[in-house]
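The values are calculated or read from the model by the stated rules, or taken from the named source; none is laboratory data. The shown structure was predicted, so the numbers you read here are calculated from the model rather than taken from an experiment. When we count neighbours, we look across all protein chains shown, and the Cβ atoms used for this are built from the backbone with ideal geometry, even at glycine. Each accessible area value is taken on the protein alone, full model and side chains, heavy atoms only, with ligands, DNA and RNA left out. Shrake-Rupley method; radii C 1.70, N 1.55, O 1.52, S 1.80 Å.
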Amino acid sequence: MDATSFCGALPQTKLSASNHNFSRSCLRARSIVSAVRNSSGEFQLLDKHYSQELVVSSSSSANKGTAVSGGSYLCSPVLKRNPVGQAFCAASVGVGTYCEDFVDSHSHVTEEKVGVLLLNLGGPETLNDVQPFLFNLFADPDIIRLPRLFQFLQKPLAKLISVLRAPKSKEGYASIGGGSPLRKITDEQADGIKMALKAKGLSADVYVGMRYWYPFTEEAIHQIKRDKITKLVVLPLYPQFSISTTGSSLRVLQNIFREDAYLSRLPVATIQSWYQREGYINSMADLIGEELQKFAKPEEVMIFFSAHGVPLTYVEDAGDPYKDQMEECIYLIMQELKARGFRNDHTLAYQSRVGPVQWLKPYTDEVLVELGQKGVKSLLAVPVSFVSEHIETLEEIDMEYKELALESGIDNWGRVPALGCTSSFITDLADAVIEALPSAKSISTTRSASEEADHDFLSYAIKMIFGSVLAFVLLLSPKVITAFRNHLF
């Protein structure tokens, strides 16, 4: 499993569409950071909570497309407040900078060195990597959140869950060649962005930082320091923002930057989301249109958007904007397809749910069965939240869901490939980097409102109760104890 979504607390956003032209341009550079693995392949993850000090910069009114350095967008900005009352501007541009008590950026720099940090989750490259990869995933406090009193259980629980899930996960990775292709694809995307930036006149070093496997985000930051980068653009490779993906990676970055004198003064611009950019929307429409033409009767094909799910509680209680942004994204893609003459029906469902909790609905597997029962005979699957091929596309969609669809009566199956290194997509990401550069600011070193909110007594008590129940279920379950004992002995 390359990605599992849960987590934190950020304001919920609603974004409305508007029809504006986009400026296109692009940048990119890349540096590969080498690492020495320890014996188990596990990586020590920071366990501080993600801070909500990010604000999206916007220079437009609510009725205009947001523009930054000449780039326009399809959605209007909205201002929401997070659960602790801190203002958060969710402008469509999705370019964020840390906004409280900015530290002055580097002065008297003789030569500006621009860096671009691509963020992704990472994935095991061999079957032996699967269990330690899962450990890193579940050791993330943004994946399993425990109250302070039970934080000492974070790593033991991660160890336990990773041991239990590893056998099934290994089967999945074995079916796609024995490992995830995510690192290779991300490196290729980095090369493409670097060349696109150079073509635009911007020389930049591009780095890859993975959250749960090599090269880790911490390693990329170390290389950024060694290269003496003077201005950095952070570009998560997730079109839509989720506190479990982009949010988790930004928490790690913030903790690292706060504790380092050099990094705390480094001007940084964060592109928090980019699902509404014209280049991305057009690239998706291009791929969908190409695949539709492969069907004998393109007009009869159901366009089936499948997005990675998140637990429902994180959307409803923590204010994760992921669901709203995903729905807005689908709307924009379908509007573009209609402008090109495609009038196909479409639907959105969520995949990759795990555990007993309720996730965003409708579920992909259930919708496929329902569509078959309704007489749908031709279906085109679109992995809308994934820009690279990995286990959720190659195994879950291409194998599990395709088999289910055919068994449910859907005769004609097609799947849109992930964007990967599509030239129009890479060019637009480079444009986003160029547009974000002027907004780069130094990271605040002050304590955030969200961290102060952790002291709220009622919230703390609820977390403690939840943590106690979770610890009891996981640690005292005979099945779990037996499985863990078998692994150790």
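For segment 181-190, which positions are touching a residue at least 60 places away in the same chain (Cβ under 8 Å) and either open to solvent by 40 Å² or more (accessible area, probe 1.4 Å) or not small (Gly, Ala, Ser) (or both)?
Answer for segment 181-190, where residues must be touching a residue at least 60 places away in the same chain (Cβ under 8 Å) and either open to solvent by 40 Å² or more (accessible area, probe 1.4 Å) or not small (Gly, Ala, Ser) (or both): PRO181, LEU182, ARG183, ILE185, THR186, ASP187, GLU188, GLN189.
Does SER162 fit the bill of being free of Cβ contacts under 8 Å to residues at least 60 places away in the same chain and buried (at least 21 other Cβ atoms within 10 Å of the Cβ)?
Yes; evaluated as a whole, the condition is true for this residue.
VAL310 fails exactly one of the following numbered conditions: (1) modelled with pLDDT under 95; (2) closer than 22 Å to LEU437 by Cα; (3) in contact with a helix residue (DSSP H, G or I) (Cβ under 8 Å, 6 or more places away or on another chain). What is the number of that condition?
(2) is the only condition that VAL310 fails.
Filter segment 389-438 down to the residues that are polar (S, T, N, Q) and out of contact with any Gly (no Cβ under 7 Å at 6 or more places or on another chain), then identify the one that is nearest to HIS308 (Cα to Cα).
The extreme case among them is THR393.
Take the residues in segment 255-282 that are surrounded by fewer than 23 Cβ atoms within 10 Å (Cβ to Cβ) and of a type in the set (S, T, N, Q), then tell me which one is farthest from HIS346 (Cα to Cα).
Looking at residues that are surrounded by fewer than 23 Cβ atoms within 10 Å (Cβ to Cβ) and of a type in the set (S, T, N, Q), I get SER264.
Picking from LEU287, LEU292, which residue would you name as being open to solvent by 10 Å² or more (accessible area, probe 1.4 Å), touching a strand residue (DSSP E or B) at 6+ places or on another chain (Cβ under 9 Å) and modelled with pLDDT of 95 or more?
When all the criteria are applied, what remains is LEU287.
Listed here are the residues, each with its yes/no results for (1) modelled with pLDDT of 80 or more; (2) open to solvent by 50 Å² or more (accessible area, probe 1.4 Å); (3) of a type in the set (Ser, Thr, Tyr); (4) more than 23 Å from ILE221 (Cα to Cα).
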{"residue": "ASP104", "(1), (2), (3), (4)": "no, yes, no, no"}
{"residue": "HIS108", "(1), (2), (3), (4)": "no, yes, no, no"}
{"residue": "GLU112", "(1), (2), (3), (4)": "yes, yes, no, no"}
{"residue": "LEU121", "(1), (2), (3), (4)": "yes, no, no, no"}
{"residue": "PRO124", "(1), (2), (3), (4)": "yes, no, no, no"}
{"residue": "GLN131", "(1), (2), (3), (4)": "yes, no, no, yes"}
{"residue": "ILE144", "(1), (2), (3), (4)": "no, no, no, yes"}
{"residue": "LEU149", "(1), (2), (3), (4)": "yes, yes, no, yes"}
{"residue": "PHE152", "(1), (2), (3), (4)": "yes, yes, no, yes"}
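To keep it simple, each residue is scored yes or no on (1) among the small types (Gly, Ala, Ser); (2) buried (at least 19 other Cβ atoms within 10 Å of the Cβ); (3) within 16 Å of THR422 (Cβ to Cβ); (4) out of contact with any Gly (no Cβ under 7 Å at 6 or more places or on another chain).
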{"residue": "ILE176", "(1), (2), (3), (4)": "no, no, no, yes"}
{"residue": "GLY179", "(1), (2), (3), (4)": "yes, yes, no, yes"}
{"residue": "GLY192", "(1), (2), (3), (4)": "yes, yes, yes, yes"}
{"residue": "ALA204", "(1), (2), (3), (4)": "yes, yes, no, no"}
{"residue": "HIS222", "(1), (2), (3), (4)": "no, no, no, yes"}
{"residue": "ARG226", "(1), (2), (3), (4)": "no, no, no, yes"}
{"residue": "ILE229", "(1), (2), (3), (4)": "no, yes, no, no"}
